[in-house]
Amino acid sequence: MSDEYLSAMHEDHEKVVSALKRELSTIRTGRATPQMLENVHVEVRSYGASMPLNQLASISAPDARMLVLNPWDKSTIPDIEKGIQSAGMGLNPSNDGQIVRVPIPALTMERRKDMVRQLGKMVEEARVRARSVRREYNDLYKELEDAKEITEDELKRSLAKVQEGTDACVKLLDTMATDKEREVMDG
């Protein structure tokens, strides 16, 4: 029974890690990546709805300083440009009536430091989620011991394994943060 719970805990920790990985991919380095625009929502007047940008256009990065968006419906181009400008990323798109080009300017040192602070907040939230998983499984094992389904020794071993798993998860989160911080500062 204990192994099932530990396996489930590892899956929960993996979800925390993959969520942080997705969040980190949206942080801009000096290089253009389609993920930079992942969180951009566009208010499409002709549809009367707000939609994620990736549902309105294909996004590619032909080189390190340019993103190219190829809208499926060309009438949404002005809305796409407005959505990118209002996303607060400091990007200024332009279009030729068919595609939208988004030049990626070089990052200033001040902007890099802002991104590192943003990165720190994301990582701390991920650490909190990892510790929440630990608390959930610690409580579960304590309930099992209270119900006499496991012994006190099994409880201690299980709590130690939960702590080991949490420590490994937090260490991985910290490594990911350090790598991304280096990428942002060197960009």
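Taken together, the values in this text are just the output of simple stated rules run on the coordinates, not laboratory data. What you see is a predicted model; the values in this text were computed from it and never measured. Positions of Cβ are backbone-derived with ideal geometry, glycine not excepted, and every protein chain shown enters the neighbour counts.
Label-to-label distance, residue 47 versus residue 94, with points set 7 angstrom from Cα along the beta-carbon direction: 2.7 nm. Karplus-derived 3J(HN,Hα) values for the range 154-159, using 6.51 cos²θ - 1.76 cosθ + 1.60 with θ = phi - 60°, are 5, 4, 4, 4, 5, 5 Hz; glycine and proline are entered as x. Taking θ as phi - 60° and the Karplus parameters 6.51, -1.76 and 1.60, the scalar couplings of the range 102-115 work out to 10, x, 9, x, 5, 7, 7, 4, 5, 5, 4, 5, 4, 5 Hz in sequence order, x denoting glycine and proline. The range 1-53 and the range 87-107 have their alpha-carbon centroids 22 Å apart. Largest GNM mean-square fluctuation among 51, 36, 115, using the chain with Cα springs under 10 Å: 51. Positive contributions from Lys and Arg (+1) and negative ones from Asp and Glu (-1), summed over other residues with Cβ under 11 Å from the Cβ of residue 128, come out at +4.
Per-peptide packing, taken as the mean over residues of other Cβ atoms within 10 Å, places 90-103, 156-169 in the sequence 156-169, 90-103 from highest down. Of interest is the spacing of the C-alpha centroids, which for the range 121-147 and the range 150-187 amounts to 12 Å. Counting only chymotrypsin sites (Phe, Trp or Tyr not before Pro) that DSSP places in a loop and that have at most 15 other Cβ atoms within 10 Å, the longest clean stretch of the chain runs over 73-187. Under a Cβ-Cβ cut-off of 12 Å, what is the net charge of the residues other than residue 167 that fall near it, where Lys and Arg count +1 and Asp and Glu count -1? Once positives and negatives cancel, what remains is +3. In this label model, residue 186 and residue 22 are separated by 2.8 nm, measuring between points 7 Å along each Cα→Cβ vector.
For the options 109, 122, 66, a Gaussian network treatment of the chain with springs between C-alpha atoms closer than 10 Å singles out 109 as fluctuating the most.
Phi-derived couplings, Karplus 6.51 cos²θ - 1.76 cosθ + 1.60 at θ = phi - 60°, listed residue by residue for the range 14-24: 4, 5, 4, 5, 5, 5, 5, 4, 5, 4, 5 Hz, with x used for Gly and Pro. Close lysine pairs were tallied over the chain: pairs 8 or more places apart or on different chains with Cα atoms under 23 Å apart number 21. In the chain, helices alone account for a calculated mean residue ellipticity at 222 nm of -20000 deg cm²/dmol, with every DSSP H run of four or more residues adding -39,500 (n - 2.57).
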